[in-house]
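The values are calculated or read from the model by the stated rules, or taken from the named source; none is laboratory data. The shown structure was predicted, so the numbers you read here are calculated from the model rather than taken from an experiment. So basically every Cβ, Gly included, is an ideal-geometry build from the backbone, and we count neighbours across all protein chains shown. Surface accessibility is based on the protein's heavy atoms, side chains included, excluding ligands, DNA and RNA. Shrake-Rupley method; radii C 1.70, N 1.55, O 1.52, S 1.80 Å.
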Amino acid sequence: MEAVVFDMDGVLFDTEILCMKSWMAIAKQWGMGGMEEVFPKCIGLNANDSRRIVMEAYGEDFDYPVFREQTARWFREYIRENGLPVKPGVRELLEWLECSGYSLGLASSTRSETVHGHLEQSGLGGYFRVVVTGDMVEHSKPRPDIYLLACRRLGTEPEKAYAIEDSPNGIRSAHRAGMCPLMVPDMIAPDEEMRRLSHRIFPDLTCVLEYLRQEA
């Protein structure tokens, strides 16, 4: 193996839960029911695919752009007041991978401005040779496009790359791309499908580091 491609939300940063809280908060303000069922379906998806799921749930008259604008504002205000929560073990894993000669990439369904802002704020941007974001592909996860693009830009074959993911949609995407998916579940517990598609499932990134050290 010569490369590792990371997801961002729920893997590098503990932001998936914050995104859910922002959606729930605005949904409550708008008097919308059922968001606790709709949001999980959007985890790992880019804006285009998330919009499709939300519109299917709430109808074609639903003002999705304004809804997302308000959820994004809620999210930014929280980060500004409380800081960006970095997942335990992230820096140690990235440092070891870099020192061990792996090519590192990031493949996030989140839009470019947010991804690069998080990387700059956390100081992690320098680790990644390639950053691919959700607005760089028409359809993101669970389709393989975003991971295939990341591998192509890294100059590596997908079968020679690990993908580190937290969500079912991300694992499906990496598996379909022909990569070696390592799952570190965040908000959604792995089911039988995830156990079948994942090469390994770990409780946290520290365990991922221990595993990769053994495999080196």
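Assorted remarks:
- One residue from 51, 73 being touching a helix residue (DSSP H, G or I) at 6+ places or on another chain (Cβ under 7 Å), basic (Lys, Arg) and surrounded by fewer than 21 Cβ atoms within 10 Å (Cβ to Cβ): 51
- Every residue from region 157-169 that is modelled with pLDDT of 95 or more and either open to solvent by less than 10 Å² (accessible area, probe 1.4 Å) or in contact with a Lys or Arg (Cβ under 6 Å, 6 or more places away or on another chain) (or both): 161, 163, 164, 165, 166
- Every listed requirement among (1) hydrophobic (A, V, I, L, M, F, W, C); (2) open to solvent by 70 Å² or more (accessible area, probe 1.4 Å); (3) under 21 Å from residue 170 (Cβ atoms) is met by residue 30 save one, (3).
- Those helices (runs of 4 or more DSSP H) of region 1-84 in which 1 or more residues are under 17 Å from the mean Cα position of the chain (by Cα) and at positive phi are absent.
- Any pair with Cβ under 8 angstrom, 6 or more apart, that starts in region 96-120 at a residue that is within 17 Å of residue 165 (Cβ to Cβ) and modelled with pLDDT of 95 or more and ends at one that is open to solvent by 30 Å² or more (accessible area, probe 1.4 Å) and aromatic (Phe, Trp, Tyr): 97/127; 104/127
Yes/no matrix, rows are residues, columns are (1) loosely packed, with under 15 Cβ neighbours inside 10 Å; (2) within 20 Å of residue 90 (Cβ to Cβ):
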{"site": "176", "(1), (2)": "no, no"}
{"site": "185", "(1), (2)": "no, yes"}
{"site": "190", "(1), (2)": "no, no"}
{"site": "198", "(1), (2)": "no, yes"}
{"site": "216", "(1), (2)": "yes, yes"}
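- Region 85-95 - residue that is open to solvent by 40 Å² or more (accessible area, probe 1.4 Å) and part of a helix (DSSP H, G or I) and, of those, nearest to residue 44 (Cα to Cα): 91
- Residue among 11, 4 that alone is under 30 Å from residue 154 (Cβ atoms), at pLDDT 90 or above and touching an Asp or Glu at 6+ places or on another chain (Cβ under 8 Å): 11
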